[in-house]
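Colleague: My structure is below; once you've seen it, I'll send some questions.
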Amino acid sequence: MSASVSAFDRVRITPLQYISADAWAFRGAFLRRGGDMRLKVCKRIWVSLLAAPFFLVSFAGLASCKREEERPAYHISAEYVPAAGILYGELTVEVPNLTEEPKEEVQFALYPNAFREDAPCPPLPEAYSSAAYYEGESFGGIDVRELTGAKAWEVSDGGEALTVTLSEPLAAGGWAQLSMKFEVMLPKMNFRLGIGEHTVNLTHFYPVLAEEPPAFSSVGDPFPAERADYTFSLTAPASYDILCGFDGETTEKNGRRTLFVQAENVREVAFVLAEGMTCTKGEADGTPVEYWHFRRDVSEELGAATGSLAYFRKQFGEYAYPKYVVVETDLPFGGSEQTALSLVSSSLRGDGLAAAVVHETAHQWWYAMAGSDEVRSAWLDEGLAEYSAALYFGAAEGRYREHIAAAEERYRAFVSVREQLSDGVDTSMDRPLSAFSGAYEYRSIVYDKSVILFDRLCEVLGENKLLAGLRRCFSAAKGGTLSPETLATSLSAGVDVSGILSSFREGTCII
């Protein structure tokens, strides 16, 4: 992990003209267009948007640069224009072929299209809609333009994926370079991507390489992203603080502020834009911790962030990043994890806010550093994060059993309700996000049942052996992807726990 910004000596950015405020009137027509947005957008909108030139970014020497690491490298420049509610960007990506066969196509996930009006499903559960849409339903999306370095490219009908046919087959072990311009129309909503009432959240907003076709979901985190290296510049009006989990260099010119960051071997880079926020600082075993907020006193929440960061480092392994940032921002639910950055809902207070801070901090181990398949096995990272929070509150406040009892009560209530409404209830844990009926089932299985599973393992193994197994698990998966098999192997040193794991995962155990 590096926070150096020297690579940006190669980047040249020309000023971006702002779009007039009436561009908001054009957004609705733009977003209602289905299918390939490049081809179907109306002429009036094109004329308006073309009046505002994109960044002209030159990444000199990329084609000739021989990379030592076998992972993609993204070079992204973007600027947020509040008057239009649009993020304009340009991306160059170095794509490796890590397979043993020539590759003719590569695929990108276009997660902002989950916010299109014609998306296959809503971007969040209906239960959170009223808290998210503060001015009524709002839509967004991403438009990819002027892709170079390819023979052809096409956006899927649902908008989930951009498929690129390379100019020529990419040999095994070879590298290709692709460049594109993109526009992200941000929805007006309190969510992980959107213009909130007080902040602008920018997560998963750029095209990202995807090994498999992405699938949108109303529940969970349908954002599988392979590790990559990033050089990033983000520009906004100078009145905004640009918050990010990575240190960088900030410049101001002509009323605009730009943050330059570089990050290596990370899942993603995300930002929050805010005006008038306060940063309260702390540290955890030498790691700087920033807590951003609009309130007067956040000593308890900062203590939860620093305390849990130190606790998880001691129990699981070293924290990999130069700093840790927590932002109280506009979200309709508890929180959202990003690499070195945690978003927690500014509507939370007291124990609920502290619990969200600790849970999201645990995700730095069980998501950011040790990844998992969030689409097929969401219980792994969410369950480990939730159980890790219970361990922390047990060590810090003696409240471990309280957290376990609460999870058991919620889970049993869920099973009871479902049994009354139907002939049976599916309590299996290994299933894709699309197989969950909604937020209630997702929460009960992925969070609560997972916590009960790890508590049962603690009863069988004892706390010391369980923690030792989780340390082995983290060590084995750090820098890669954690699987249920890795978890089982790591925990089964001397005691075979595969039966417990399989009975929970398959839904055959009785709780």
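The values are calculated or read from the model by the stated rules, or taken from the named source; none is laboratory data. Predicted model only: the values in this text are computed from it and were never measured. Positions of Cβ are backbone-derived with ideal geometry, glycine not excepted, and every protein chain shown enters the neighbour counts.
Colleague: Look at region 155-173 and say how many of its residues are acidic (D, E) and either surrounded by 13 or more Cβ atoms within 10 Å (Cβ to Cβ) or in contact with a helix residue (DSSP H, G or I) (Cβ under 8 Å, 6 or more places away or on another chain) (or both). Reasoning before the result, please.
Modeller: As a first pass, look at region 155-173 and keep what is acidic (D, E): 157, 160, 168.
With either surrounded by 13 or more Cβ atoms within 10 Å (Cβ to Cβ) or in contact with a helix residue (DSSP H, G or I) (Cβ under 8 Å, 6 or more places away or on another chain) (or both) added as a condition, the list becomes 160.
Residues meeting the conditions: 1.
Colleague: A further question on this structure: Given the options E328, E408, name the one that is under 16 Å from I452 (Cβ atoms) and of a type outside the set (G, A, S).
Modeller: Within the list E328, E408, the selection yields E408.
One line per residue, one yes/no per condition, for (1) under 28 Å from the mean Cα position of the chain (by Cα); (2) surrounded by fewer than 18 Cβ atoms within 10 Å (Cβ to Cβ); (3) of a type in the set (S, T, Y):
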| site | (1), (2), (3) |
| --- | --- |
| L470 | yes, no, no |
| F474 | yes, no, no |
| G479 | yes, yes, no |
| L482 | yes, no, no |
| A488 | yes, no, no |
| V497 | no, no, no |
| I500 | no, no, no |
| S503 | no, yes, yes |
| E506 | yes, yes, no |
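Rundown of residues vs (1) in a strand (DSSP E or B); (2) over 18 Å from the mean Cα position of the chain (by Cα); (3) of a type in the set (D, E); (4) not assigned by TED's automatic domain parsing to the domain that holds S156, yes/no style:
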site: E226; (1), (2), (3), (4): no, no, yes, no
site: D229; (1), (2), (3), (4): yes, no, yes, no
site: S239; (1), (2), (3), (4): no, yes, no, no
site: N265; (1), (2), (3), (4): yes, no, no, no
site: W292; (1), (2), (3), (4): yes, yes, no, yes
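Colleague: May I ask you to verify whether T329 is farther than 23 Å from E397 by Cβ, among the β-branched types (V, I, T), in contact with a Ser or Thr (Cβ under 7 Å, 6 or more places away or on another chain) and surrounded by 22 or more Cβ atoms within 10 Å (Cβ to Cβ)?
Modeller: Values: farther than 23 Å from E397 by Cβ: yes; among the β-branched types (V, I, T): yes; in contact with a Ser or Thr (Cβ under 7 Å, 6 or more places away or on another chain): yes; surrounded by 22 or more Cβ atoms within 10 Å (Cβ to Cβ): yes.
Spelling it out, T329 is indeed farther than 23 Å from E397 by Cβ, among the β-branched types (V, I, T), in contact with a Ser or Thr (Cβ under 7 Å, 6 or more places away or on another chain) and surrounded by 22 or more Cβ atoms within 10 Å (Cβ to Cβ).
Colleague: With the condition kept exactly as written, say whether any residue in region 407-428 is assigned to a helix (DSSP H, G or I), among the aliphatic types (A, V, I, L, M), crowded, with 19+ Cβ neighbours inside 10 Å and modelled with pLDDT of 95 or more. Walk me through it before giving the result.
Modeller: Within region 407-428, the subset assigned to a helix (DSSP H, G or I) is 407-421.
Those left that are additionally among the aliphatic types (A, V, I, L, M): 407, 413, 415, 417, 421.
Those left that are additionally crowded, with 19+ Cβ neighbours inside 10 Å: 407.
Next cut, modelled with pLDDT of 95 or more only: 407.
Yes, region 407-428 has at least one match.
Colleague: Does S475 satisfy the condition of being assigned to a helix (DSSP H, G or I), in contact with a helix residue (DSSP H, G or I) (Cβ under 8 Å, 6 or more places away or on another chain), closer than 21 Å to W366 by Cβ and touching a residue at least 12 places away in the same chain (Cβ under 8 Å)? Talk me through it step by step, then tell me what you get.
Modeller: Numbers: assigned to a helix (DSSP H, G or I): yes; in contact with a helix residue (DSSP H, G or I) (Cβ under 8 Å, 6 or more places away or on another chain): no; closer than 21 Å to W366 by Cβ: yes; touching a residue at least 12 places away in the same chain (Cβ under 8 Å): yes.
It is false that S475 is assigned to a helix (DSSP H, G or I), in contact with a helix residue (DSSP H, G or I) (Cβ under 8 Å, 6 or more places away or on another chain), closer than 21 Å to W366 by Cβ and touching a residue at least 12 places away in the same chain (Cβ under 8 Å).
Colleague: Grab the strands (runs of 3 or more DSSP E) fully contained in region 82-148, keeping just those with 1 or more residues being crowded, with 19+ Cβ neighbours inside 10 Å, modelled with pLDDT of 95 or more and hydroxyl-bearing (S, T, Y). Lay out the reasoning, then the answer.
Modeller: Values: elements: 86-96, 103-109, 141-148.
Passing ranges, in order: 86-96.
Colleague: Which ones in region 296-330 are closer than 24 Å to G196 by Cβ and assigned to a helix (DSSP H, G or I)?
Modeller: So in region 296-330, the residues closer than 24 Å to G196 by Cβ come out as 296-298, 300-302, 304-305, 323-330.
Those that are closer than 24 Å to G196 by Cβ and assigned to a helix (DSSP H, G or I): E300, E301, L302, A304, A305.
Colleague: Continuing with the same structure: Would you mind stating whether L341 is under 22 Å from E283 (Cβ atoms) and buried (at least 22 other Cβ atoms within 10 Å of the Cβ)?
Modeller: Numbers: under 22 Å from E283 (Cβ atoms): yes; buried (at least 22 other Cβ atoms within 10 Å of the Cβ): yes.
Spelling it out, L341 is indeed under 22 Å from E283 (Cβ atoms) and buried (at least 22 other Cβ atoms within 10 Å of the Cβ).
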